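What follows draws every value from the coordinates through simple rules; no lab data is involved. Source: prediction; values computed, not measured. Here Cβ is always computed from backbone atoms with ideal geometry, including for glycine, and neighbour counts include all displayed protein chains.
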């Protein structure tokens, strides 16, 4: 943590002193990214540079996932009309309409399809046939043991790894974000016309903050690590 | 991505050319952390410096979570006897016994307890009474609508945000990690004697790698973003 960030150890709250440092972004150490990232409640409405957005997409795309199966899809909403239509389905929270891009993180529950796709990618990569067979058979065996609820829960968990890269990645690239669960997944699915296996799971509006970060409240180390 | 990392765009595989750059760690940009982090299959058995481990714990502790409720606990297994006892419950994968520290990421399903604790922390922080009441009442109302399955699924999803900070954080601090789901949560709970509400969800052994990273296989951008 740099000198602009104070840890008040007694109540485990981190407070960012200097608001201006928050937008620098580039060449930030990971510990500073973690310290300075916060759930932005309002954005300034300015559009992000598309090149930067593309860089964020790469950080999301290279997230870890169980088996490397990447069971997610991300709907990118950049036009104001769609953001306006989605606002009431997200309790009219101001992030939705004031952000630059709204990323709708969806879990992909078609795990069979993902395994088939993975097999094709392995073949294209030139991996040895026996290595492909061993890995793909292992995944297919595991997939057979899942019911619908487990399929969804598993895919959603992985999606949060991608979401984590999005929120840290935005700060690393010099802008802001807000991970959000306060929305109606059913209404989002209807408005965005997503297929049944693509389940809206978390929102991540991105853009430039127009609010002041509150101190971070965290439980003491002794309450978390045992 | 620096010059040691090549993106073979045709098959969307990222390959790390120069193994030696992987351990430098410090002052790495986030895009390099994401590129160089990989699921380490075997560690060299050396112990990590406790100061570094403490720094990683801070990165995990400051992860984002829904409402800021931090519904996780992390069991830290550093002694060899416990790692040996856990190995058969993790299909004897070599990471478990060769790592420096095994972090067992558990979801905390006692959401009521977390809200009570959060309220105490807010009071200690000196937040205005009406702000505390509004926020706590809102969370209590939400919590009442959850059944056991939703409680677990929600807590597990958040836990993957903390897991994401752990795997990126380890690379940022100059060492390696492996996010793992291949283990028996029930056997882990028995061996580690965790309370019923503390549910082993993912493993994250940390240490220094003793393997060679395979190329990362990722689906094309067009298959992920829509």
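Overview of values
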item: The stretch A:52-165 - percent relative contact order, Cα under 8 Å, separation 6 or more; result: 39 percent
item: Considering only chain A, percent of DSSP beta bridges that pair antiparallel, nearest 5; result: 95 percent
item: Sorted by Cβ neighbour density within 10 Å, fewest at the top, the residues B:222, A:223; result: B:222, A:223
item: Pairwise FRET efficiency - residue B:220 versus residue B:81, Cβ, R0 = 56 Å, nearest 0.05; result: 0.75
item: Estimated inter-spin distance, residue A:51 and residue B:146, nm [label 7 Å along Cα→Cβ]; result: 4.3 nm
item: Helix B:111-125 vs. chain B, principal-axis angle (Cα, 0 to 90°, nearest 10); result: 80 degrees
item: Ranked by how many other beta carbons lie within 10 Å on average, peptides B:178-185, B:203-210 from highest; result: B:203-210, B:178-185
item: For residue A:112, label point 7 Å along C-beta direction: distances to other copies, nm; result: 4.1
item: Teacher prompt: residue A:50 distances to equivalent labels in other copies, 7 Å Cα→Cβ, nm; result: 5.5
item: Inter-copy spacing of residue A:80 label points, which lie 7 Å from Cα along Cα→Cβ, given in nm from shortest upward; result: 6.7
item: Residue mean of other protein chain beta carbons inside 10 Å, A:166-175; result: 3
item: Per principal axis, descending, Cα span of the stretch B:5-224 in whole Å; result: 56, 42, 36
item: Cα-based shape type of the protein assembly as shown, given that a ≥ b ≥ c are square roots of the gyration tensor eigenvalues and the cut on a/c is 1.5; result: rounded
item: Considering only the protein assembly as shown, percent of DSSP beta bridges that pair antiparallel, nearest 5; result: 90 percent
item: Residue among A:50, A:58, A:143 with the largest mean-square fluctuation in a Gaussian network model of chain A, springs linking Cα atoms under 10 Å; result: A:50
item: With Cα atoms, 0 to 90° folded angle of helix A:50-61 axis to chain A main axis; result: 50 degrees
item: For chain A: relative contact order, % (alpha-carbon pairs under 8 angstrom, 6 or more apart); result: 35 percent
item: Within 10 Å of each Cβ in B:31-38, the average number of Cβ atoms from other chains; result: 4
item: Number of partner chain Cβ atoms within 10 Å, mean per residue of A:148-155; result: 2
item: Mean Cβ count within 10 Å, highest first, over the residues of peptides B:96-104, B:163-171, B:78-86; result: B:163-171, B:96-104, B:78-86
item: Cβ-derived FRET efficiency at R0 25 Å, residue A:212 paired with residue A:27, nearest 0.05; result: 0.55
item: Helix B:129-144 axis, angle to chain B major axis (alpha carbon atoms, nearest 10°); result: 70 degrees
